[in-house]
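Report on the following structure.
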Amino acid sequence: MRALVVVLLLVATAHADDRKEEFKQRDEARLAVSEAVNKGDATAFAGYVGDAIETSNLWLDTPACRKRFSDARVTTKDVKAFVACLSPLGMDAKTLLVRYGPDVIVQLGWKYEGGKTTLVSMKGDGMT
């Protein structure tokens with residue numbers, strides 16, 4: 001019985017360490033994505049994109065950008081244009097909430113797999 005308790009404690013500790021690394025990477029990725037948007041750096045942004053990003057209810061300030069990216073599947077080939085639409089508005093991710101443009105909260109969806117964090121979705125909460 002004692003051996004089982006020790007094994008379970010080791011497994012729980014290892015899982016806690018994995019979660020700690022996952023949260024650390026998500027925080028770093030959130031800040032890096034925000035910085036890439038603010039600098040208009042599509043290459044840095046693309047480093048956090050897997051196959052595609054799903055956007056929904058994402059507010060953008062031009063009709064062309066809204067039509068193309070508000071509710072879309074943004075693939076890696078579209079990242080340059082997507083970042084060009086995002087960067088004029090700015091993104092603030094210093095807190096856990098990501099603020100974008102004129103007081104829009106954006107929920108960033110992340111996937112952590114194989115020790116790597118990728119951005120999979122961006123959902124706008126509308127203007128506050």
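Could you check the stretch 28-44 and list, in sequence order, the residues that are hydroxyl-bearing (Ser, Thr, Tyr) and more than 13 Å from the chain's Cα centre (by Cα)? Before the answer, list the steps.
We begin by selecting, within the stretch 28-44, every residue hydroxyl-bearing (Ser, Thr, Tyr); these are 34, 43.
Result: Thr43, single match.
From (1) in a loop (DSSP other than H, G, I, E, B); (2) within 30 Å of Lys20 (Cβ to Cβ), pick out the condition that doesn't hold for Arg99.
In the conditions (1) in a loop (DSSP other than H, G, I, E, B); (2) within 30 Å of Lys20 (Cβ to Cβ), Arg99 misses (1) alone.
Quick check: anything in the stretch 73-84 within 18 Å of Ser121 (Cα to Cα), among the acidic types (Asp, Glu) and modelled with pLDDT of 95 or more?
Going through the stretch 73-84, the residues within 18 Å of Ser121 (Cα to Cα) turn out to be 73-84.
Of the ones still in play, those that are also among the acidic types (Asp, Glu) are 78.
Pick out the ones that are also modelled with pLDDT of 95 or more and you get 78.
There is at least one residue in the stretch 73-84 that is within 18 Å of Ser121 (Cα to Cα), among the acidic types (Asp, Glu) and modelled with pLDDT of 95 or more.
Counting only residues that are over 19 Å from Gly47 (Cα atoms) and touching a residue at least 24 places away in the same chain (Cβ under 8 Å), which one in the stretch 71-89 is surrounded by the most Cβ atoms within 10 Å (Cβ to Cβ)?
Leu89
Going by the conditions given, is Arg66 touching a strand residue (DSSP E or B) at 6+ places or on another chain (Cβ under 9 Å) and of a type in the set (Lys, Arg)? Spell out how you get there, then give the answer.
Numbers: touching a strand residue (DSSP E or B) at 6+ places or on another chain (Cβ under 9 Å): no; of a type in the set (Lys, Arg): yes.
Criteria not met by Arg66.
Within the stretch 68-103, can you find the residues that are acidic (Asp, Glu) and more than 15 Å from the chain's Cα centre (by Cα)?
The answer is Asp71, Asp78, Asp103.
Considering only the stretch 39-48, I want to know if a residue exists there that is surrounded by 14 or more Cβ atoms within 10 Å (Cβ to Cβ), closer than 28 Å to Gly114 by Cβ, modelled with pLDDT under 85 and touching a Lys or Arg at 6+ places or on another chain (Cβ under 9 Å). Break it down into steps so the answer makes sense when it comes.
Initial filter on the stretch 39-48 (surrounded by 14 or more Cβ atoms within 10 Å (Cβ to Cβ)): 40-42, 44-48.
Adding the requirement that they be closer than 28 Å to Gly114 by Cβ leaves 41-42, 44-48.
Now restrict to residues that are modelled with pLDDT under 85: none.
No; the residues of the stretch 39-48 include none that is surrounded by 14 or more Cβ atoms within 10 Å (Cβ to Cβ), closer than 28 Å to Gly114 by Cβ, modelled with pLDDT under 85 and touching a Lys or Arg at 6+ places or on another chain (Cβ under 9 Å).
Give the residues of the stretch 45-67 that are among the hydroxyl-bearing types (Ser, Thr, Tyr) and under 14 Å from the mean Cα position of the chain (by Cα), sorted by residue number. Write out each step before concluding.
If we filter the stretch 45-67 for residues that are among the hydroxyl-bearing types (Ser, Thr, Tyr), which is where we start, we get 48, 55-56, 62.
Correct list: Tyr48, Thr55, Ser56.
The values are calculated or read from the model by the stated rules, or taken from the named source; none is laboratory data. Remember, it's a predicted structure, so these values are computed and weren't measured experimentally. All Cβ positions, even for glycine, are placed from backbone atoms using ideal geometry, and neighbour counts span all protein chains on display.
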